[in-house]
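The values are calculated or read from the model by the stated rules, or taken from the named source; none is laboratory data. Since the structure is predicted, the reported quantities are computational estimates derived from the model, not experimental observations. We place every Cβ from the backbone using ideal geometry, glycine too, and count neighbours over all the protein chains shown.
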Amino acid sequence: MLGLGRIRAQPRTSRSWSFSEMDFDSKRKSNFAGKLLLATCLTVMCIIMIRHSPGFSGLSEFSRHEPGVTHVLVTGGAGYIGSHATLRLLKDSHRVTIVDNLSRGNLGAVKVLQEQFPEPGRLQFIYADLGDAKAVNKIFSENAFDAVIHFAAVAYVGESTQEPLRYYHNITANTLVVLEAMAAHGVKTLIYSSTCATYGEPEKMPITEETPQVPINPYGKAKKMSEDFILDFSKTSDMAVMILRYFNVIGSDPNGRLGEAPRPELREHGRISGACFDAALGILPGLKVKGTDYKTADGTCVRDYIDVTDLVDAHVKALAKATPGKVGIYNVGTGKGRSVKEFVDACKKATGVDIKVEYLDRRPGDYAEVFSDPSKIYRELNWTAQYTDLEQSLRTAWRWQQKHRNGYGSPLAMAI
């Protein structure tokens, strides 16, 4: 609208010509015609300038491809992992569009990112639900995406056993909508955020990419279905596909800008790190450990805990190595399993709080032991976990939790 503003800034009374009183009547008709012509010309100029202004629909930085700039659509970019990935992409000079319905994400995280990268053409946020195919198609038609990193998903094992249909719709059906939009608009690079839950409970450890996928809960089953959609579609296209199956995520931005802030109503289903911190902060009376009779060294579940900074680095390396017509599937983990009891002990040390622990029966859909063999991603993407000190990762996350006891604030407060 800059061109229109400049035209309006011109004083109406300043003219480079004048008429005498004697000429006024005789030239009234021609004067009117001149004014009409001038008005018409100005109108045409305004339309042209508006159409070529950055704010006009379809002509913003986000709506056109720019040499040397990769425009990445990050679905679920307001969430824990998605926001950290967006931060890294922006630091690496990518252009990012976040699409999120904020059912699990935080607008406060988006505001932090916008404050860090306020320059035009760097970051935009679009509030939308991926289940709305019409809205998703409109987003793709109005933006020039070079790649998609698909994080958006509900992601709690326990919740998936209670609400299986919700999980199949949110994960599987929504992934299909994204794929259809990518196909319709010629976006040919997809980094898919999958999970080790697709493997179920393998007979052998560690888990390799060749380990049979036999998921035992709706979350893992829905993710595997999504992988199948992607792999089948890739066979008939020249799409570049990277599927990252990652393990249990912990930690936060080392510089304290972002952290994990799950909705209060989801604490029952959330990550063990969030439960530990809530107990340390006094939000919860203690920590509930579900399952002490697994066939592991101390009876509690064994998991591979990956720091979110490492996980994001894996996504960035996958994006850089994505090749048209090829599919890469990688485990993203440390290669080392740690028990829940070990995790709780590390959390106590990181927070300095003697957290009360209550031991309960197993959680439906859980498995005894899961940890990765990350050798393939090291060989092919030159990626390996750097933040492998469990206590240090928890200490970093704990610092953010202490400074953000209300997370990013309520969604309403963040919107004001």
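A few points about this structure:
- With respect to the stated conditions, A155 is at pLDDT below 95, not charged (D, E, K, R) and not in a helix (DSSP H, G or I).
- The residues of segment 344-387 that are of a type in the set (F, W, Y), buried (at least 16 other Cβ atoms within 10 Å of the Cβ) and within 26 Å of the chain's Cα centre (by Cα), listed by number, are F371, W383, Y387.
- Close Cβ contacts (under 9 Å, 6 or more residues apart or on different chains) running from residues in segment 349-362 that are closer than 14 Å to F277 by Cβ to residues that are surrounded by fewer than 16 Cβ atoms within 10 Å (Cβ to Cβ) and of a type in the set (A, V, I, L, M) comprise T351/L281; V353/L281.
- Complete set of residues in segment 78-127 that are within 19 Å of G270 (Cβ to Cβ), more than 10 Å from the chain's Cα centre (by Cα), of a type in the set (A, V, I, L, M, F, W, C) and part of a loop (DSSP other than H, G, I, E, B): L102
- Taking the conditions (1) in contact (Cβ under 8 Å) with a residue 40 or more places away in the chain; (2) over 16 Å from G333 (Cα atoms) in turn, E203 satisfies each one other than (1).
- Check on T211, free of Cβ contacts under 8 Å to residues at least 40 places away in the same chain, at negative phi, buried (at least 18 other Cβ atoms within 10 Å of the Cβ) and assigned to a loop (DSSP other than H, G, I, E, B): yes
- Annotation note: of T97, T70, T75, T86, the sole residue that is among the β-branched types (V, I, T), under 17 Å from I171 (Cα atoms), buried (at least 17 other Cβ atoms within 10 Å of the Cβ) and in contact with a strand residue (DSSP E or B) (Cβ under 9 Å, 6 or more places away or on another chain) is T75.
- Considering residues of segment 228-255 that are without any contact (Cβ under 8 Å) to a residue 40 or more places away in the chain and among the acidic types (D, E) only, the residue surrounded by the most Cβ atoms within 10 Å (Cβ to Cβ): D228
- Yes/no for L258 being in a loop (DSSP other than H, G, I, E, B) and without any contact (Cβ under 8 Å) to a residue 60 or more places away in the chain: no
- Cβ separations smaller than 9 Å between residues 6+ apart or across chains give the following pairs from segment 158-177 residues that are free of Cβ contacts under 8 Å to residues at least 24 places away in the same chain to residues that are among the small types (G, A, S): R166/S160.
- Restricting V241, V289 to residues that are over 29 Å from K111 (Cα atoms), assigned to a strand (DSSP E or B) and at pLDDT below 95 narrows the list to V289.
Residue by residue, here is whether (1) in contact with a strand residue (DSSP E or B) (Cβ under 9 Å, 6 or more places away or on another chain); (2) of a type in the set (A, V, I, L, M, F, W, C); (3) over 24 Å from K376 (Cβ atoms) holds:
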| residue | (1), (2), (3) |
| --- | --- |
| E210 | no, no, no |
| P215 | yes, no, no |
| V241 | yes, yes, no |
| L244 | yes, yes, no |
| G251 | yes, no, no |
| P264 | no, no, yes |
| G274 | no, no, yes |
| F277 | no, yes, yes |
| L281 | no, yes, yes |
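- Within segment 273-317, the set of residues being farther than 16 Å from T334 by Cβ and among the small types (G, A, S) comprises G274, A275, A279, A280, G282, G286, G291, A297, G299.
- For segment 293-303, the tally of residues that are over 17 Å from V157 (Cα atoms), touching a strand residue (DSSP E or B) at 6+ places or on another chain (Cβ under 6 Å) and either modelled with pLDDT under 95 or not in a loop (DSSP other than H, G, I, E, B) (or both) stands at 1.
- Any hit, segment 168-190, residues being buried (at least 23 other Cβ atoms within 10 Å of the Cβ), aromatic (F, W, Y), over 20 Å from K138 (Cα atoms) and at pLDDT 95 or above: no
- In summary, A397 fulfils each of the numbered conditions (1) in a loop (DSSP other than H, G, I, E, B); (2) under 26 Å from A197 (Cα atoms); (3) in contact with a helix residue (DSSP H, G or I) (Cβ under 7 Å, 6 or more places away or on another chain) with the single exception of condition (1).
- Subset of segment 183-195 that is within 20 Å of V316 (Cβ to Cβ) and among the hydrophobic types (A, V, I, L, M, F, W, C) - its residue that is nearest to the chain's Cα centre (by Cα): I191
- Verdict on T309 being among the polar types (S, T, N, Q), in a helix (DSSP H, G or I) and on the phi < 0 side of the Ramachandran plot: yes
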